[in-house]
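So the structure is just underneath, and the comments pick up after that.
Here, each number is a calculation from the coordinates, and none is a lab measurement. The shown structure was predicted, so the numbers you read here are calculated from the model rather than taken from an experiment.
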Amino acid sequence: MAELETSLTMNCSPEAAFEFLIRPENLLKIIPPDLGFSFLEVPEELELGSRIEFQVTGYGPVQRFLHEVISLDPPTGFTEHQVTGPLKRFVHEHIVEANGNGEVLVIDRVEFEPPGGMAGFLLTEKRIRESLEKGLSHRLNEMKELLEQE
């Protein structure tokens, strides 16, 4: 099982960061544009058991995903996992840690397992890791910019 973690300190409250993260519409503001990301079905606000159906077109054929929120702990974070999608396993923890100085550390922690079979030759652990690192870093930087404007 491969693991990856990215983080960034932001000048906002834990509640503001958490509120931003549980509203899927905000993801559209911070996701890399070249990913070709779009929601197929999503709630206005995530809660335990919420399902998020989306597709990505930036890597060749359309990839469809269904994720489910499996833990929710306001305002410190939530975890989602892949129910269906191209990977054997994908678990994404969104963590918000207050540092006591009016700032928070927002952490994205991902565990994943590449697909098997022929798809595994294209979607290698290295390629998935590089894509996730780039995408998560972009998301955190965009989130920081938006939250620190408020």
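Given the Cα atoms of the chain, and with Rh set as the inverse mean 1/r over their pairs in the Kirkwood sense, what is Rg to Rh to two decimals?
0.96
Restricting to Cα pairs below 8 Å that are 6+ residues apart, what does the relative contact order work out to for the chain? Please round to a whole percent. Walk me through the numbers before you get to the answer.
Working: 304 pairs, mean separation 43.7, N = 150.
In percent, rounded to a whole number, it is 29.
Want the number for Leu28 to Ser13: 0.36 nm per residue separation, take away the alpha-carbon distance, what's left?
Working: separation 15, 0.36 × 15 = 5.40 nm, distance 2.14 nm.
Here the answer is 3.3 nm.
What does the convex hull of the Cα atoms come to per residue for the range 81-150, in Å³?
So the per-residue Cα hull volume is 95 Å³.
Using the C-alpha gyration tensor of the range 12-71, what are the square roots of 5 times its eigenvalues, in whole angstrom, with the largest one first?
Equivalent-ellipsoid dimensions as semi-axes: 22, 15, 8 Å.
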